[in-house]
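The values are calculated or read from the model by the stated rules, or taken from the named source; none is laboratory data. Remember, predicted model here, so these are calculated numbers, not experimental data. Positions of Cβ are backbone-derived with ideal geometry, glycine not excepted, and every protein chain shown enters the neighbour counts.
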């Protein structure tokens, strides 16, 4: 199930953060989302929390959980697969 969610998570990132000129294929599934990877910041994380809740019905309850969830596209997909209603 996680593998099936990966393209959807990549598209969610592109849509939620309004990243122009990037396709899901341009995002490395296992690369860090913050820092050297996509270079996201805390504002981006908040936008992704809202987008995940809206799109998948998944809640990220606190910052500690968010740190684990937003390590990579794969960790996001795994969290969604485990916590989706």
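A few remarks follow.
- The set of residues from region 30-43 being surrounded by 17 or more Cβ atoms within 10 Å (Cβ to Cβ) and either in a loop (DSSP other than H, G, I, E, B) or free of Cβ contacts under 8 Å to residues at least 12 places away in the same chain (or both) comprises 33, 38.
- Residue 29 being at pLDDT 95 or above, touching a helix residue (DSSP H, G or I) at 6+ places or on another chain (Cβ under 9 Å) and within 12 Å of residue 76 (Cβ to Cβ): yes
- The one condition in (1) surrounded by 12 or more Cβ atoms within 10 Å (Cβ to Cβ); (2) in a loop (DSSP other than H, G, I, E, B) that residue 8 fails to fulfil: (2)
- Taken over region 44-85, the criterion of being in contact with a helix residue (DSSP H, G or I) (Cβ under 7 Å, 6 or more places away or on another chain), closer than 19 Å to residue 27 by Cα and not in a helix (DSSP H, G or I) is satisfied by 70 alone.
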